[in-house]
Amino acid sequence: MRPVSQGLNGLAADRKALDATAYGAMLLLAALWGFQQAAIKITAPEVSLLMQGAIRSLAATLLVLVWAWYRGIPLFTRDGTLWAGIGAGLLFGAEFALIYGGLAHTNVSRMTVFVYLTPPLTALGVHFFVPGERLTPVQWTGVCVSFAGLVLAFSEGFASDKATWVGDLCGLVAALLWAATTVLIRRTRLAAAPPAKTLFYQLAVSTAVMYLCSKGLNEPGVVSLSALALASLAYQAVAVAFASYLAWFWLLSRYLAARLSVMSFLTPLFGVLSGVLLLSESLSARFVLAALLIGGGIVLVNLRK
């Protein structure tokens, strides 16, 4: 999981430089987002993958409704965002259906790295489709470095004894959908909408998308609910899909947005770490190099000069 695709929209004004509070908060958020894939996979024997996503989105939607009511944020006023919001929700739902479903075919480390190709993909999208936002030479270098890492990582998915290319492809397409969602928001009235409203659209629509995907694939759904499974679902819904977004928006309202975005490279690193520590996943030297290339590219893409 990651910050909602609203990203810097509506909160783009520059704030102060990062301090110890900002660095600590971003470190915690990156860990929350990075460890989610491991939580999903650990819970899969009790709650099927796509059903987990549907439950997470439903619970987070209800929490956003309560939060918006408490803060007096209008979610249902007519502001011309309905169709764009539904479109963003469909893209968001398809993205997470691929992430959750793809984890059945690849490991957590690989999925996290492929999904976090989104920053360079988004940079390409806004370069071509959002007026006034063009890549600098440094950012173009970041795009090229990230894609070199992509080629290296994806080639290993075919070459390894246990082919992971199906799940890897799900992660790559999910990254493309995430980037497309960001471009859609930047090009429509959602760019000026309250972040909570954009988040509500994405979570509400994705609930239906993931539930229908789960049923369409004849997943077993909820098989059992141990304390561990309940804790995992609460972590995914409350800590990641709800609370971490609120913290992200709080940071965006107080600190330099571009510098916060640079720290997004920590999330795939935590994802790789979670796979190794919690699921005993092995890492080849080739994949480590690919992950470092992708992480380095993310940093370069987020630099403004």
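Annotation note: Cβ proximity below 8 Å between a residue of the range 119-142 that is on the phi < 0 side of the Ramachandran plot and a residue that is open to solvent by 70 Å² or more (accessible area, probe 1.4 Å) and not in a helix (DSSP H, G or I) (sequence gap 6+ or interchain) occurs for H127/R134; T136/R304; T136/K305; V138/K305.
Of all the listed residues (G102, G93, G87), the sole one being in contact (Cβ under 8 Å) with a residue 40 or more places away in the chain and within 14 Å of I40 (Cβ to Cβ) is G102.
Of everything in the range 117-169 that is of a type outside the set (A, V, I, L, M), outside any helix (DSSP H, G or I) and open to solvent by 30 Å² or more (accessible area, probe 1.4 Å), the residue that is modelled with the highest pLDDT is T136. In the set (1) over 28 Å from T43 (Cα atoms); (2) open to solvent by 30 Å² or more (accessible area, probe 1.4 Å); (3) in contact with a strand residue (DSSP E or B) (Cβ under 7 Å, 6 or more places away or on another chain), the condition left unmet by V222 is number (1). On the given criteria, is L199 without any contact (Cβ under 8 Å) to a residue 60 or more places away in the chain and among the hydrophobic types (A, V, I, L, M, F, W, C)? It is false that L199 is without any contact (Cβ under 8 Å) to a residue 60 or more places away in the chain and among the hydrophobic types (A, V, I, L, M, F, W, C).
Run down T181, T207 and say which single residue is under 17 Å from the mean Cα position of the chain (by Cα) and modelled with pLDDT of 95 or more.
T207
Kindly indicate which of L75, L98 is in contact with a helix residue (DSSP H, G or I) (Cβ under 7 Å, 6 or more places away or on another chain), of a type outside the set (S, T, N, Q), on the phi < 0 side of the Ramachandran plot and surrounded by fewer than 19 Cβ atoms within 10 Å (Cβ to Cβ).
L75
If the condition is being free of Cβ contacts under 8 Å to residues at least 40 places away in the same chain and assigned to a helix (DSSP H, G or I), then the range 73-84 contributes L82, W83.
The values are calculated or read from the model by the stated rules, or taken from the named source; none is laboratory data. As the structure is a computational prediction, the values presented were derived from the model and not from experiment. Ideal geometry is used to build each Cβ from the backbone, glycine not excepted, and the neighbour counts take in all protein chains shown. For accessibility, only protein heavy atoms count, side chains too; no ligands or nucleic acids. Shrake-Rupley method; radii C 1.70, N 1.55, O 1.52, S 1.80 Å.
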